[in-house]
Amino acid sequence: MHFPFYDSSDFCEISSNEKIEEKDDEQKSNPINFDVEIDTDTVIVGNGPAGISLSAMLAGWHPFYNNSNPHPNPQIHAQFNSTENQSLLFQDLNSAATLLTTSEHSTSNLTPFGCLYDSLVRPSFFNDLQNENENNSNKSSIIWRQIQNNSVPHIVLGDTQIGGSWTGFEDEIKAVSISNWMDLPGYSLAEDFLGDPSLNNQRPTAKTFRNYLTAYCNVMVIIVGDGISAADAVICALERNCQVLHLIRRSDRQLKNVMISRLSPLVYPEYVRVYQLMSGQRIEENYSKLTETTIRSVSGNLIELNTPGGIIKEQFLCLSICIGRQTEFPLLKGVAIDNLEQFSSTNYCSSNDSSLFAIGAMIGDHFVRYLVGGALCTAQALILRNNFAKSLRQPFKVLFDKNERFACCCYSKKKKGQEEKLKFLRTNSASTPLTQLVKEIVM
């Protein structure tokens with residue numbers, strides 16, 4: 001979950017000349033933005049757990065009722081169970097919160113909505129505080145889902161690094177609450193961040209929780225592919241300070257032969273940077289890669305991967321698949337073209353219909369520097385056919401040999417009485433100029 005966080009120091013000028021002198025070298029390498037223009041209607045002041053949670057929901061993460069683990073209060077269960085496919089943010093939460101505060105489980109020092117949320121996320125603790133060691137103690141009555149078309153543009157301002165007051169605590173100080181009570185929406189501290197569900201009932205240190213908050217704001221963007229499109233996605237994500245996990249099917253050795261590896265650093269410095277990241281020549285904090293990796297399954301915002309080291313799972317905010325290319329041809333809509341495999345990449349002609357050619361993006365030449373070569377080959381074939389048509393008295397048709405062997409036809413005119421005869425010579429010689437374009441000419 002990457003959210004738009006800003007350190008408020010980025011908006012403040014340093015007034016002390018002494019401080020400027022002390023930090024002169026540092027500012028040269030990491031200059032402060034004195035003038036920042038941000039166009040938004042919503043500003044969250046404070047980048048602690050509360051501000052981060054609000055930002056997550058405004059970014060489109062919505063809670064849905066999980067009827068497979070019902071709320072212990074039958075009235076609240078009945079209210080939310082009838083609308084399980086609707087986000088709780090679009091339901092009457094006030095009546096449920098009021099109902100809860102009047103029940104025997106109400107705690108006087110808790111706010112109504114705080115009590116409601118806690119009872120939904122940790123219903124077993126709410127029902128009986130003594131059953132925290134039971135198998136169902138960590139099951140929630142809420143499922144978090146992302147609804148991208150229900151997000152609110154916003155920014156989060158803070159005068160510290162991500163974490164708010166937690167950034168001022170000593171590393172080894174332990175929280176009063178256990179890990180399970182400190183989970184933020186959609187990304188748990190023990191299971192998702194630490195990778196160990198057994199730590200749910202342990203008290204985390206301040207350092208652990210700070211790292212969790214930082215990771216929460218940067219749950220990764222996963223990018224699949226090793227071409228130009230994938231490189232563009234990596235550049236876009238890194239520019240927005242997103243954490244990137246780059247999945248590459250090829251091995252480290254095979255990466256040396258991909259097209260992006262041959263680009264000039266003078267012309268394509270941004271792509272060279274990505275290739276250096278892919279090949280391990282460059283290291284950046286927000287970038288990591290997995291080579292020889294394929295996707296096993298995707299469920300919600302969880303992806304399961306086949307890696308050389310075994311099967312692993314990763315959570316993500318965005319999954320960008322940048323493999324292959326689909327080219328649209330609206331002018332050919334309604335024209336029966338079975339598949340593009342019928343077109344040969346050596347002569348650009350269809351094996352099913354010799355009157356059809358495919359060049360450019362349709363045959364796989366996506367760059368201007370290459371597609372002109374396809375036009376050259378096709379033009380040569382069409383001009384040759386046209387010249388033959390002018391010379392021959394009968395129409396003819398160009399076909400392909402099924403065995404892909406080259407053939408050509410030469411002719412000479414001989415008079416015998418009043419008739420003209422054409423003498424044809426077939427050859428399989430690849431050195432014959434015409435054999436590079438014509439495989440068989442039939443009268």
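The values are calculated or read from the model by the stated rules, or taken from the named source; none is laboratory data. No experiment lies behind these values; they were computed from the predicted model shown. We place every Cβ from the backbone using ideal geometry, glycine too, and count neighbours over all the protein chains shown.
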Any hit, region 261-276, residues being farther than 21 Å from G324 by Cα and β-branched (V, I, T): yes
Candidate set: region 50-96, residues that are among the β-branched types (V, I, T) and crowded, with 19+ Cβ neighbours inside 10 Å; chosen: the one nearest to T111 (Cα to Cα): I76
Unmet requirement for K207, which otherwise passes all of (1) assigned to a helix (DSSP H, G or I); (2) exposed (fewer than 15 other Cβ atoms within 10 Å of the Cβ); (3) without any contact (Cβ under 8 Å) to a residue 24 or more places away in the chain: (3)
Condition check for E172: assigned by TED's automatic domain parsing to the domain that holds A56 and crowded, with 16+ Cβ neighbours inside 10 Å: no
Residues satisfying the stated conditions in region 238-272, i.e. part of a helix (DSSP H, G or I) and in contact (Cβ under 8 Å) with a residue 40 or more places away in the chain: L238, Y271
Residue that is farthest from Y187 (Cα to Cα) [pool: residues in region 56-92 that are polar (S, T, N, Q) and outside any loop (DSSP other than H, G, I, E, B)]: Q75
Condition met for E285 (under 30 Å from S179 (Cα atoms) and exposed (fewer than 13 other Cβ atoms within 10 Å of the Cβ)): yes
Near pairs, Cβ below 7 angstrom, 6+ apart or cross-chain, from region 65-77 (under 14 Å from I143 (Cα atoms)) to any residue that is of a type in the set (G, A, S): Y65/S141; N66/S140; N66/S141; N69/S140; N69/S141; P70/S141; H71/S119; H71/S141
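For G195, state whether it is at pLDDT below 90 and surrounded by fewer than 16 Cβ atoms within 10 Å (Cβ to Cβ).
yes
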Any hit, region 150-157, residues being part of a strand (DSSP E or B), surrounded by 19 or more Cβ atoms within 10 Å (Cβ to Cβ) and not assigned by TED's automatic domain parsing to the domain that holds N301: yes
